[in-house]
1. Using a 7 Å offset from Cα along Cα-Cβ at VAL108, what residues in the range 214-245 end up with backbone N under 15 Å from the label point?
2. Report the Cα centroid-to-centroid distance between the range 19-34 and the range 42-78 in angstrom, as an integer.
3. Would you calculate the separation in nanometres between label points at THR221 and VAL170, each defined as 7 Å from the Cα along the Cα-to-beta-carbon direction?
4. Could you do me a favour and compute the accessible area per residue for the chain, 1.4 Å probe, result in Å²?
5. Please list 3J(HN,Hα) in residue order for the range 171-185, calculated via the Karplus relation 6.51 cos²θ - 1.76 cosθ + 1.60 where θ = phi - 60°; whole Hz, with x for glycine and proline.
6. I'd like the carbon and sulfur percentage of the solvent accessible area for the chain, probe radius 1.4 Å, heavy atoms only, ligands and nucleic acids excluded.
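The values are calculated or read from the model by the stated rules, or taken from the named source; none is laboratory data. Since the structure is predicted, the reported quantities are computational estimates derived from the model, not experimental observations. No Cβ is skipped: glycine too gets one built from the backbone with ideal geometry, and neighbour counts run over all protein chains shown. Calculation scope for accessible area: heavy atoms of the full protein, side chains included, ligands and nucleic acids excluded. Shrake-Rupley method; radii C 1.70, N 1.55, O 1.52, S 1.80 Å.
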Amino acid sequence: MAFDPALIAALHPRVIGPEEVDGPEPGFAAFQTSTIDALLHGRYEGDVTVGTLLRHGDLGIGTVDHLDGELIVVDGEAWAARVDGSLRRIPDDEGTPFAVVTPFGTQVERTVQTPIEHEDLIELIDRYAGAPDGARALRIDGELDVHARSVPRQEPPYRPLAEVVASQQVFELTKVEGTLVGFRFPALAGGLEVPGYHLHAITADRTRGGHVLRARVRSGTVRIGQLTDLHMELPPGVKLPSGPDDDGALDAVEHQG
């Protein structure tokens, strides 16, 4: 895949070599292991450990080997939300087949004083996040209602992600103090990344979390960080996708439930 010139201008994507995998990430950059296209097609084991991932950033999302939990990186700690929504701390030597992290910095901060629904939250972020072809990192702290999900651990032979999500477990995090973390990537990044918004939730007491299907912010603070560079590590056998997902599989995976 040759990077689209517009994507190059917006995000400066670059595949990094082994010599850079252990180094820290500069400000305004995101580090990613593998591609969302590979995950969609059942690549559920990775070559990067969570310990290595955390050297690149203190905020992010993804999954862990065997899809054994929705990965949430917040305040430099890595947690996995099990299929029932309960959390476990991820050890440094556990692997990840797909994750995105960044050393988070706030460029825009807005306070939410009255409850806003999911669509209004997205509209608020879009209003202050700048051009839609720009990538952004997001952190939202406050009192939340979250419609969330996780999926069960998988074993070989691995099924495509759309089939796995059909057996997801959906649950509610109601009136909790917590954090939404994630990213907004432009449509041009499809195939490499989840285009649009991709958010995970974690409670302040670190007992519950999951992949966000919908969220309501009762009150809190929205923080937006600019991303200007995307550095990707590709596991053996994973290639850059030929183009964005065109069969609707990603949309079904992200929004089902």
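1. What the label zone holds, given the 15 Å backbone N cut-off, is 221-228.
2. Computed from Cα coordinates, the inter-centre distance equals 13 Å.
3. A separation of 3.3 nm, rounded to one decimal place.
4. 41 Å²
5. For the range 171-185, the Karplus curve yields 8, 10, 10, 10, 6, 10, 7, x, 9, 9, 10, x, 9, 10, 10 Hz.
6. In the chain, the share of accessible area belonging to carbon and sulfur is 50 percent.
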